[in-house]
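Since every read-out is calculated from the coordinates, none of them should be taken as a lab result. Predicted model only: the values in this text are computed from it and were never measured. Backbone-built Cβ (ideal geometry, glycine too); neighbour counts: all protein chains shown.
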Amino acid sequence: MSLEEAMKIASRDERFMATIYAMNTLLINKGVYSREEFGALFVEWIGKEERKKTRASASPSQDNPIQTLAYER
């Protein structure tokens, strides 16, 4: 199968995932970074995103001034 054929049959999400797969495989195979380094950075990014979600859900309500004051301290 050619690249053009693969691009035609893949969905947008599949094309994105294939691009990430190809790029990471090349970088690992060329020794730019190791699988362990990739894994550590992946976990780090997911952790940051999860903390953002937690902070966003813990944001004070505009309807509760006491909660807002406690949050601002």
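Summary of computed values
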read-out: Amide H within-cut-off set for ALA10, under 5 Å, with H built and near neighbours excluded; value: none
read-out: Trypsin sites (Lys or Arg not before Pro) within the stretch 20-55: DSSP coil, no more than 16 neighbouring Cβ in 10 Å; value: LYS30
read-out: Net length gained if the chain between GLU49 and LEU3 were fully extended (0.36 nm per residue, minus Cα distance); value: 13.2 nm
read-out: Difference of contour (0.36 nm per residue) and Cα-Cα distance, GLU37 to SER57; value: 4.1 nm
